[in-house]
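Have a look at the structure below, then the notes.
Quick note: the coordinates plus some simple rules give every number you see, no bench work behind them. Bear in mind that the values here come from a model prediction, so they are computed numbers and not experimental data. Don't worry about glycine lacking a Cβ; one is built from the backbone with ideal geometry, like all the others, and counts go over all protein chains shown.
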Amino acid sequence: MSVAVVVDSTADIPQAMRDEYAISVVPLSIIFGNETFQDGVDMTSDQFYQRLTESNVHPSSSQPSPGAFAEVYERLAQNHAGIISIHISGKLSGTVRSAAQAQELVPNIPIRVIDSGSVSMGFGFLGLEAAKLARAGHTLDDIATQIERMVPNIRLWAVLDTLKYLERGGRIGRTRAFLGTLLNVKPMIQIKEEVLPAEQVRTHKKAIARMVDLASAEGPYEHLAVLHSAAEPLATELANQLGSLHPRDQIVTAQLTGVIGVHGGPGVLGVTGIKKA
Amino acid sequence: MDQQGSVCDGVMLLRGLEAAAHWLEQHVGEVNALNVFPVPDGDTGTNMHLTLGAAVKDVQPLPSAAAVADQVYRKALMGARGNSGVILSQIIRGFAEGIDGKAQLDGPGLAEAFRRAAERAYKAVMKPTEGTILTVARVAGEDAVAAAAADAGYTQVLAAAVAGANRAVAETPNQLKQLRDAGVVDAGGKGLAIVLEGLLKQARGETIERPVGSAAVEVAFDIDEIHSEDDFGYCTTFLLEGSDIPFEDVRAMIANMGQSVVVVGDETLVKAHVHTERPGDVLNYAIGFGALTGIEIANMDKQRAAIKDTGLVSTESSRAPKESTAALGGGTRGAVVEDEEVAPIGIVAVAPGQGFVDIFQSLNVGNVITGGQTMNPSTKDLVEAISQLPQREVIVLPNNSNILMASRQAQELVDKTVRIIPSKTVPQGMVAMLAFNYTEDLEDNVAAMTKALGNVRTLEITTAVRDATVDDKAVRSGQTIGLLDGTLVEAGDDRDAVIDAMLERVDMDRYEVVTIYYGATTDEAQAQVLADRITERYSHLDTVEVQSGDQPFYDFIISAE
């Protein structure tokens, strides 16, 4: 019996990859007024951004309950030797704590819960790596050790169109440094456990150039992805420019899921990678 | 000095330097008029005078020449303004080092001090150029050494130095093409020769008084006593220097232009303070009667809001004018960001107007010094701004080539790790600040910010303050002139035509964002008209933005990035 891999919906792993590696996804919730949606289940990313721009109601997000995790763990326990459950940074969401509580509710299988300190494909890649190791027959402890070693190697930069959504969602953190800027600029952030201010750029063209510079300075990478929220043409341009850093056909393009969109808003463009050890 | 003038002690040295400061003060206008470029920027004579004035202020008249020189050079280093002031302060430093502990200076002692002074001057600049103050310092030292070798006493050596300095000054046009073209001698060199002349006059027993009416301290007033709770608009102060200023008319006119008006002075020097919604109008009116210096414009509405928000007093403009040097030279500081967590590296920037101050503060620049064009901050202003920040690592954005040397001098005087980004214009400082990365360390930030300077072109539009010939182009006083990245490239009678010609010189296809910062001499509506014209002509631009810079003298500072 092999090890099962669980992530939450903020991992943004494209559907085809999830299917190929049999990765289980526990959805967070998106709340528009009185309506609640399962992130990526009954509301796709495209539907979310459509609604975000059309609706007057500002959405919020909420973490999965321990029960939701326990249900998935129980199901996987039936035909797996162990479970590795990898999640969005504990400083940005309570998701990883729900998973840890569920771990206690399901004592009949060894479970390792890992706080990735990142978001989106930043930890989506950890899910893929874990699944590959599981397929190769590694033990749960061995997989967990290797994945934990990768956590410090995650890099993620993103440029936002506005800080409005981060501020509303209470995730502003140290990026409050960017609030109140009188010039028309776009804030660039880095995610390292929390949202950190990086620098400020005036156009998307410059944002792309700077993200290529920053990513290149830290490379090379095992995996590289471009991230976007309703900004696919920009993501394609960014991926094309990262071609000298990483094989173009291996750069994953991921649209940020609705839960991340609640906090980042539309027009986010980012790059994330796992540095080669 | 003894009866024969063969030696000089500490008290005599101090009296000599004070006389030199007065003699230079009498010649400030003459030295300023030697400036080659017709731009209304920090003038050599003013900067050297303010530096020497600060050097001799409150010095203890100790009997030892070395003890006096030691005090003077330390004050000179802190009081230095502008590149010429910094070089003068280094000359004074070398002079003090050359005294080497001696209580009395004889001929050879003085010659050695001059020789060391010249050495320091050459070390102060990265690429020494002949035909400047450096040459004058060197020739003065060489002639002093030669006179001392021939057994000359203190006064005779000093006389030899003055003769050498004057000869070197006269030679400067043969050494530098731009001086020859402009038909002038080097301003800094002339300033130094005047300083030495002042020393000699005192040694020969002449009395040199401060020029009547020209001392800012004599027309000073206490701004604290003028301000009240319901201040509004812009607190505007300036000095107006001229020859036949119709003082009563000027006072009456300015009184009609705003609130809390105080105007003091005479027909040669006026100090004015006014609260007005339109500071540009007041300055435009006043400049018709002479030269403006020490301009300070503070937005009182914004200041009050800042005090309310942060509990911090946002500028020291209320205390700066108490000191004549501060009143003449700027040095207003903005609110200190006491948030070490948000910004692990502190930033100090120099900005020439309240609008720029606000923008830099909004970009988390911890300390903004008001200054730049026409009012170069002193080394001391920079030292204090750096010291006030809570961070141990500080980056300085001088934003003006004439503040670069004072920044480097400040860097050496503070007990913090300081890096200077050589920004020569405010837009350069702006792009450097945008490139500041909160997650990177000091060295990476310095590299990225310095690299960013190359991503912007700066177009500055101002009015020529004197007739000049620059690169075979004749410029008349009063014409609109355009500077591209600090170099004068266009002049003409029609401002729009000058701006258009400037834009033609920039390969606009390479740029995406144009920002127009309008100054105190123009307004938002005019800037918007210009913005519309640029948007229409260069349709590929991503953004054309209008911002208030509030800078004096420069109608527009335009950046293309």
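Some observations on this one:
- The stretch between B:Ala149 and B:Asp100, if pulled fully straight at 0.36 nm per residue, gains 15.8 nm over its current Cα-Cα span.
- Sparse packing (at most 16 other Cβ atoms within 10 Å of the Cβ) combined with a DSSP loop state is found for the following GluC sites (Glu not before Pro) in the range B:114-221: B:Glu130, B:Glu206, B:Glu209.
- 222 nm mean residue ellipticity, helices alone, for the protein assembly as shown (DSSP H n ≥ 4; -39,500 (n - 2.57); rounded to 500): -13500 deg cm²/dmol
- Neighbourhood net charge (11 Å Cβ-Cβ; Lys/Arg +1, Asp/Glu -1) for B:Ser477: +1
- Spherically averaged projected area of chain B from its Cα convex hull (nm²): 25.0 nm²
- Per residue, the convex hull spanned by the Cα atoms of the range A:1-53 amounts to 80 cubic angstrom.
- Centroid-to-centroid separation of the range A:79-121 and the range B:97-121 [C-alpha atoms, Å]: 76 Å
- Label-to-label distance, nm, for residues given as B:Glu536 and A:Glu104 (7 Å Cα→Cβ offset): 7.2 nm
- Shown for chain A: lysine pairs separated by 8 or more places, or found on different chains, whose C-alpha atoms are under 23 Å apart, numbering 14.
- Charge dipole (debye, nearest 20) of chain B; +1 at Cβ of Lys and Arg, -1 at Cβ of Asp and Glu: 1660 debye
- For the protein assembly as shown, the antiparallel share of DSSP beta bridges with both residues in that region comes to about 70%.
- A:Asp46-B:Arg505 FRET efficiency (beta carbon distance; Förster radius 51 Å; 0.05 resolution): 0.60
- Largest first, the three principal axis extents of the alpha carbons in the range B:10-203 are 46, 36, 30 Å in whole numbers.
- Of A:Tyr73, B:Tyr518, the sequence from fewest to most neighbouring Cβ atoms within 10 angstrom is A:Tyr73, B:Tyr518.
- Between B:Arg392 and A:Glu193, the simple spin-label model (points 7 angstrom out along Cα→Cβ) gives 2.0 nm.
- Cβ-placed point charges (K, R +1; D, E -1), dipole of the range B:46-198 about Cα centre in debye, nearest 20: 520 debye
- Ordering A:Met17, A:Val119, A:Gly40 by Cα displacement along the dipole of the range A:3-151 toward the positive end leaves A:Val119 in first place; charges were set at the Cβ atoms of Lys, Arg (+1) and Asp, Glu (-1).
- Magnitude of the charge dipole, the protein assembly as shown, Cβ model with Lys/Arg +1 and Asp/Glu -1, debye to 20: 1720 debye
- Cβ-based charge dipole, the range B:457-560, positive-most Cα from B:Ile516, B:Ile481, B:Gln551: B:Ile481
- This ranking places B:Met78, B:Met433 by how few other beta-carbon atoms lie within 10 Å of each, fewest first, which gives B:Met78, B:Met433.
- Calculated SAXS-style log₁₀ I(q)/I(0) at q = 0.09, 0.14, 0.16 Å⁻¹ - the range A:3-151, Debye, Cα scatterers: -0.27, -0.64, -0.82
- Selection from B:Val431, B:Gln178, B:Gly353, by position along the positive dipole direction of chain B (Cβ): B:Gln178
- Counts of other chain beta carbons within 10 angstrom of each beta carbon in peptide A:169-181 average 3.
- When its C-alpha radius of gyration is set against 2.2 N^0.38 Å (N residues), the range B:408-561 gives a value of 1.15.
- Across q = 0.08, 0.09, 0.10 Å⁻¹, the protein assembly as shown modelled as identical point scatterers on its alpha-carbon atoms has Debye log10 I(q)/I(0) values of -0.78, -0.90, -1.03, in the order of the q list.
- Length-normalised contact order of chain A in % [C-alpha pairs under 8 Å, at least 6 apart]: 22 percent
- Only Cα pairs under 8 Å and 6+ residues apart enter the sum, and on that basis the relative contact order of chain B stands at 12 percent.
- Sequence-separation-based contact order of the range B:330-455, relative, with Cα cut under 8 Å and 6+ spacing, percent: 24 percent
- Inter-chain shielding of B:357-367 (mean C-beta neighbours from other protein chains, 10 Å cut-off): 3
- Cα gyration tensor category, rounded, prolate or oblate, for chain A with a/c compared to 1.5: oblate
- If R0 equals 35 Å, the separation of the Cβ atoms of B:Val11 and B:Ala33 corresponds to a calculated FRET efficiency of about 0.50.
- Using 0.36 nm per residue and subtracting the Cα-Cα separation, the extra length available between B:Gln526 and B:Asp444 on full extension is 25.5 nm.
- Estimated FRET transfer efficiency when R0 is 22 angstrom, pair B:Asp249-B:Ser477 (beta carbons, to 0.05): 0.45
- Global geometry of the range B:330-455, whether rounded, prolate or oblate, following the gyration tensor of its Cα atoms and the 1.5 cut on a/c: rounded
- Note on the range B:123-180 and the range B:344-400: Cα centroid distance 36 Å, given to the nearest whole angstrom.
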